[in-house]
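Okay, structure first, notes after.
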Amino acid sequence: MTPMEFHHVGCAVKSIADALPAYRPLFPNIGEPILVSSQKVRVCFIEMRPGIYLELVEPAAEDSTVNVFLKKGISYYHNGFLVDDFDAAAAELESQGCRPLAVFHSEAFGGRRCQFFMNTALHWIEIIERQ
C-alpha cells in the first residue's frame, strides 16, 4: 500500500470572507486565499493543528464544480492526502475501484500535481504530490 498522509478536509463555502469569522477566534493560523485556476476555485487553508488543515473552497466561476455541492447543501466534500509517489498512489486508488478525475497542477501546492478520485462509497479523495 502506498503511504498517504492526511493533510486536509475540503469544505465548500459560498464566500471565504464570510466563513472566516467562524474560525478565526479558534484557529489563528490562516493562510491567504489562493486562486486555483484549473479548478475555478479559491482556497484558503486554516491550520487546525500542526500539519492538519481545513481547506475552505469558494467557487471562482459560475461553472465551478463547487457550485454543484453548494446547491445540494453539501459543505464538507473531500479529504486531501500528501503522497510521495503520486503515480503509484493514483494507480492503487484506481485498482481499488476509485474513479479518477483529471490530474491538475495546483497553485495552492506550488504547482504540484493533484488529482481527485471518487471511491466506491461516493466520497471524494484528493491526492497531492508531496514534492
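The table that follows gives values for the structure above.
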item	result
Within the accessible area of region 54-94 (1.4 Å probe), percent carbon and sulfur	49 percent
Along each principal axis, Cα extent of region 67-131, largest first, Å	34, 28, 16
Per residue, in Å², the accessible surface of the chain once ligands and nucleic acids are set aside, probe 1.4 Å	55 Å²
Cα-centre dipole for the chain with unit charges at Cβ (Lys and Arg positive, Asp and Glu negative), debye to 20	400 debye
Environment charge at K14 (Cβ cut-off 14 Å; Lys +1, Arg +1, Asp -1, Glu -1)	0
Sum of side-chain charges, F109 neighbourhood, beta-carbon under 12 Å (Lys, Arg +1; Asp, Glu -1)	-1
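The values are calculated or read from the model by the stated rules, or taken from the named source; none is laboratory data. All figures in this text were calculated on a predicted structure; none of them were measured in a lab. For neighbour counting, all protein chains shown are included, and Cβ atoms are generated from backbone atoms with ideal geometry for every residue, glycine included. Areas reflect the complete protein model, heavy atoms only, side chains present, ligands, DNA and RNA absent. Shrake-Rupley method; radii C 1.70, N 1.55, O 1.52, S 1.80 Å.
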